[in-house]
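Here's the structure we're looking at; comments come further down.
Readers should treat all values here as calculations from the given coordinates under stated rules, not as data from a laboratory. The shown structure was predicted, so the numbers you read here are calculated from the model rather than taken from an experiment. Glycine gets a Cβ as well: all are built from the backbone with ideal geometry, and neighbour counts include every protein chain shown.
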Amino acid sequence: MRGRDRDITIGGTITDAEHPTPAAARHRRTDRVMIFGVNTSPMAGRDGQFVTSRQLRDRLNKELLGNVSIRLEDTDSPEQVRVIGRGELQLSILIEMMRREGYELQVSRPEIVTRRWTAVGRAVETLMIDVPRTTRAGHCPVGGRRGTMTSMVNHGSGRVRLEFSIPRRPDRFARSS
């Protein structure tokens, strides 16, 4: 093994090169969504040093670089952001970390994310893959699952984030009308 290969990164797989075995199937997770926004209560501005929506968005975008299990979506209000995570515990840890770093924010009650259905009746997920900048996009096996690339972002850290819209299950499991 070369020294570079010993580094473990997010999304990496550790296995025996001679006898690779696939990872066990995981149970379907139930995502949760919360609305993060600036504090609008009468006590606003007294508890933290980072209180603006721009500071809040910058912190959440910074969290996206290292935490691949959350997603951000814009809302109708520029002062609020929808944060989708793997569960209430993950979102509460994020909130507590931000609070300890000096961010003052308000959050909504957690809600369960419902599945999105396309016009042809297939559930769709967003797949995000972080790869080294030197990797060729053609080596990604998403095309076989009818995945469509929706964005490619180079964060300048030597890695590129590829985002795909991909059917959740093969056609044989598609919801019938």
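Quick notes
- Peptides ranked, highest mean first, by Cβ atoms within 10 Å: ranges 63-73, 100-110: 100-110, 63-73
- Shown for region 49-107 is the translational diffusion coefficient from the Stokes-Einstein equation, using the Kirkwood radius over Cα pairs, a temperature of 25 °C and a viscosity of 0.890 mPa s: 209 µm²/s.
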